[in-house]
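Working notes, beginning with the structure itself.
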Amino acid sequence: MTWIEISIVSSAVAFIVLVGFAIRMLIAIVQILGKLGDTAAQAKKNIAETAEQAEQLMTKVGLLTEEVHMQILTLEPSIQSVEKAGAAIGDVASALRKASRVMNESIQGAEKVVHTHQKRIQDAMEWATTGFELWQRWQAYRNAKSDN
């Protein structure tokens, strides 16, 4: 064998090793993408469950707030009569009204925060679903191409 023949054989062997490495790399990528798709589906399920639980919690908080508000409204006449009894008791009633208003505003703020994050969660899930669908389409195209 001459040096040229040895070089050609060496180049062919190197090319075959490179192709083998590329095929193993593609197989690994396909497996990773499959696992990523499964993980995205599980995350979507978990986020949906969490959002549902948060919504139920906010509903309960809203009902509790309404109940507290009704109780405060029921106590309002008594508080007004106590205000008439003395200035110190009037200060206490004022503080109770302020605390009720702050609590109502805090709960309303919490409801707004939950609704804001719920939209972000939905957006993230839509992006994950779109990515997973693109991956599935690519797989179908690749399979169709390999069948031909």
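The values are calculated or read from the model by the stated rules, or taken from the named source; none is laboratory data. Everything quoted here is computed from the prediction, not taken from an experiment. Counting neighbours? That spans all protein chains shown, and the Cβs are built from the backbone with ideal geometry, glycine included. The protein model used for the area step is the full one, side chains on, heavy atoms only, and it has no ligands, DNA or RNA in it. Shrake-Rupley method; radii C 1.70, N 1.55, O 1.52, S 1.80 Å.
Does the range 83-94 contain at least one residue that is of a type in the set (D, E, K, R), at pLDDT 80 or above, open to solvent by less than 90 Å² (accessible area, probe 1.4 Å) and more than 35 Å from the chain's Cα centre (by Cα)? No. Number of residues in the range 128-148 that are among the hydrophobic types (A, V, I, L, M, F, W, C) and surrounded by 11 or more Cβ atoms within 10 Å (Cβ to Cβ): the value is 4.
For the range 39-51, taking the residues that are surrounded by 11 or more Cβ atoms within 10 Å (Cβ to Cβ) and either without any contact (Cβ under 8 Å) to a residue 40 or more places away in the chain or of a type in the set (S, T, N, Q) (or both), the one that is nearest to Thr116 (Cα to Cα) is identified as Thr50.
With respect to (1) loosely packed, with under 10 Cβ neighbours inside 10 Å; (2) in contact (Cβ under 8 Å) with a residue 12 or more places away in the chain, the lone exception for Glu5 is condition (2). On the stretch given as the range 104-133, residues that are among the basic types (Lys, Arg) and under 11 Å from the mean Cα position of the chain (by Cα) total 2.
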